[in-house]
Amino acid sequence: MTVTKGLEGIVATTSSISSIVDGVLTYRGFDIDDLAENASFEETAYLLWFGSLPTSAELETLNRDLSAFAPIPEQVIEQMKLYPKDTNTMAALRTAISSLALYDDDADDMSREANEIKAVKLQAQLPTVVAALARIRKGLEPVAPKEGASIAENFLYMLWGKQPDIVSVKALDAALVLHADHELNASTFAGRVTVATLSDIYSGVTSAIGALKGPLHGGANEAVMKMLEEIGSLDAVEPFVRGKLERREKIMGFGHRVYKNGDPRAKHLMKMSLELGTMKGDTTLYEMSVKIEDLITGQKGLKPNVDFYSASVYTQLGIERELFTPIFAISRVSGWTAHILEQLGDNRIIRPRAEYTGLVEQKYVPIEQR
Ligand SMILES: CC(C)(COP(=O)(O)OP(=O)(O)OC[C@H]1O[C@@H](n2cnc3c(N)ncnc32)[C@H](O)[C@@H]1OP(=O)(O)O)[C@@H](O)C(=O)NCCC(=O)NCCS
């Protein structure tokens, strides 16, 4: 047996959803740079699920369905009010999304048609759940979704309880496009492993949320913001980074399993971070981030990943850091569900082997003799 720790470099499936070749990320053959500049998140989600960009009529139908599905069951809202207020937001999200299945009569209908509907439904409901969790934690009543608004607009509307400005909506929409899918990343793999047992789509998405929560994956954006807060000022960047490197500690938001020459999504978020800072008249977070990048890249050769500049982007949008990873989930649920549909379309249970390194030839000893 050859053991490949972390499955590094192992090709575990074929997929026609997204690809990373020579550092270029594409969704269904479209370069992420093209989509980030031109596509809305709804068009991107449609592309991931159905394989082509939607026509106007198809997009209209999708937007109508997303609006219709956005409200969540009252029972789920009541349960969320019982969660401890200071609990980890990803733990709360994992629980809430799992509980949505209990109120969907079609949760266990494994037909392609029913699963496509549930993919759209999960996409519509995840922002409602995240916004409701955020408000409940602050002792506020959740705000019902607004009909006819995009996912980005609706999320900010439900979060803030007022109409968001166009710049914030556009920035969030672009961030959602950039996070929507990423080949066989850890959370997508977790989702595919779960449904490959023919378990339902809610179980798949719940597994994926659990995997995204970790700081080596989606949790890194929150960790980056914690680091920026801890550093506190531009002058403190250099001693902080030097100390981290001397102690051989990881700097969140840098490095990647697949991209060794830079993450193509990072430059878009870097640009957004500067634009938002300039607009708000304070580019400190952007400048601190650039200084960290210069030091880490200069001394370790590591480049920022998607999470590094998302931290300053979301903060400048006025979003609290506990919501960064849940926002990643709002976007990535499009990719997770596309992969779940693909897995179920040509399924084989995912069951690798382990090389046994434990004790051998043990004999049972009665408990009183141990
Ligand atoms: C993403 C990540 C998990 C990839 O892990 P991986 O492919 O297993 O790569 P490794 O952890 O083996 O890293 C290879 C080398 O670079 C170093 N390295 C990788 N990421 C680093 C980071 N963020 N800070 C400092 N050093 C880092 C490792 O210590 C290792 O050095 P060594 O060979 O001297 O031991 C890893 O880069 C990481 O932990 N990054 C920080 C978390 C993060 O931002 N995650 C979001 C990913 S989108």
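The values are calculated or read from the model by the stated rules, or taken from the named source; none is laboratory data. None of the values given here were measured: they were computed from a predicted structure. Using ideal geometry, Cβ is built from the backbone for each residue, glycine included, and neighbour counts are taken over all protein chains shown. Remember, those area values only see protein heavy atoms, side chains included, never the ligands or the DNA or RNA. Shrake-Rupley method; radii C 1.70, N 1.55, O 1.52, S 1.80 Å.
Summed over segment 210-228, the residues that are more than 7 Å from the ligand (Cβ to nearest atom) and closer than 23 Å to residue 193 by Cα give a count of 7. Answer yes or no as to whether residue 345 is farther than 30 Å from residue 85 by Cα and either open to solvent by less than 10 Å² (accessible area, probe 1.4 Å) or not charged (D, E, K, R) (or both). So residue 345 passes the test. Restricting 108, 22, 34 to residues that are open to solvent by 70 Å² or more (accessible area, probe 1.4 Å), assigned by TED's automatic domain parsing to the domain that holds residue 189 and under 21 Å from the mean Cα position of the chain (by Cα) narrows the list to 34. Within segment 168-177, does at least one residue satisfy the condition of being surrounded by fewer than 20 Cβ atoms within 10 Å (Cβ to Cβ), in a loop (DSSP other than H, G, I, E, B) and outside the structural domain of residue 270 (by TED's automatic domain parsing)? Checking segment 168-177: not a single residue is surrounded by fewer than 20 Cβ atoms within 10 Å (Cβ to Cβ), in a loop (DSSP other than H, G, I, E, B) and outside the structural domain of residue 270 (by TED's automatic domain parsing).
Out of everything in segment 186-199 that is in contact (Cβ under 8 Å) with a residue 40 or more places away in the chain and among the small types (Gly, Ala, Ser), what residue ends up being surrounded by the fewest Cβ atoms within 10 Å (Cβ to Cβ)? Here the residue is 196. Of all residues in segment 138-155, those that are part of a helix (DSSP H, G or I) have Cβ atoms under 9 Å from Cβ atoms of residues that are open to solvent by 40 Å² or more (accessible area, probe 1.4 Å) and among the basic types (Lys, Arg), 6 or more apart or on another chain, in 152/170; 153/146; 154/146. Within the set 325, 278, the sole residue that is in a helix (DSSP H, G or I) and within 16 Å of the ligand (Cβ to nearest atom) turns out to be 325. Looking at segment 119-129, can you tell me whether even one residue there is touching a residue at least 60 places away in the same chain (Cβ under 8 Å), open to solvent by 20 Å² or more (accessible area, probe 1.4 Å), more than 24 Å from residue 278 (Cβ to Cβ) and assigned to a helix (DSSP H, G or I)? No: segment 119-129 contains no residue that is touching a residue at least 60 places away in the same chain (Cβ under 8 Å), open to solvent by 20 Å² or more (accessible area, probe 1.4 Å), more than 24 Å from residue 278 (Cβ to Cβ) and assigned to a helix (DSSP H, G or I). Remark: residue 183 falls outside the filter, which requires a residue to be closer than 21 Å to residue 318 by Cβ, among the charged types (D, E, K, R) and open to solvent by 30 Å² or more (accessible area, probe 1.4 Å).
Residues are listed down the side, and each one gets a yes or a no for (1) out of contact with any helix residue (DSSP H, G or I) (no Cβ under 9 Å at 6 or more places or on another chain); (2) closer than 30 Å to residue 70 by Cβ; (3) in contact (Cβ under 8 Å) with a residue 60 or more places away in the chain:
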site: 283; (1), (2), (3): no, no, no
site: 287; (1), (2), (3): no, no, no
site: 290; (1), (2), (3): no, no, no
site: 311; (1), (2), (3): no, yes, yes
site: 316; (1), (2), (3): no, yes, no
site: 321; (1), (2), (3): no, yes, yes
site: 332; (1), (2), (3): no, yes, yes
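Considering only residues in segment 215-247 that are part of a loop (DSSP other than H, G, I, E, B) and at pLDDT below 95, the one that is most open to solvent (accessible area, probe 1.4 Å) turns out to be 216. Selection of segment 257-313 for residues being crowded, with 18+ Cβ neighbours inside 10 Å and among the small types (Gly, Ala, Ser) yields 266, 273, 277, 289, 310, 311, 312. In segment 339-360, the residues that are assigned to a helix (DSSP H, G or I) reach residues that are of a type in the set (Ser, Thr, Tyr) with C-beta atoms within less than 8 angstrom, at least six apart or across chains, in these pairs: 339/15; 339/188; 342/15; 342/16; 343/13.
When residue 302 is tested against (1) farther than 19 Å from residue 185 by Cα; (2) within 16 Å of the ligand (Cβ to nearest atom); (3) not in a loop (DSSP other than H, G, I, E, B), just one condition goes unmet, and that condition is (3).
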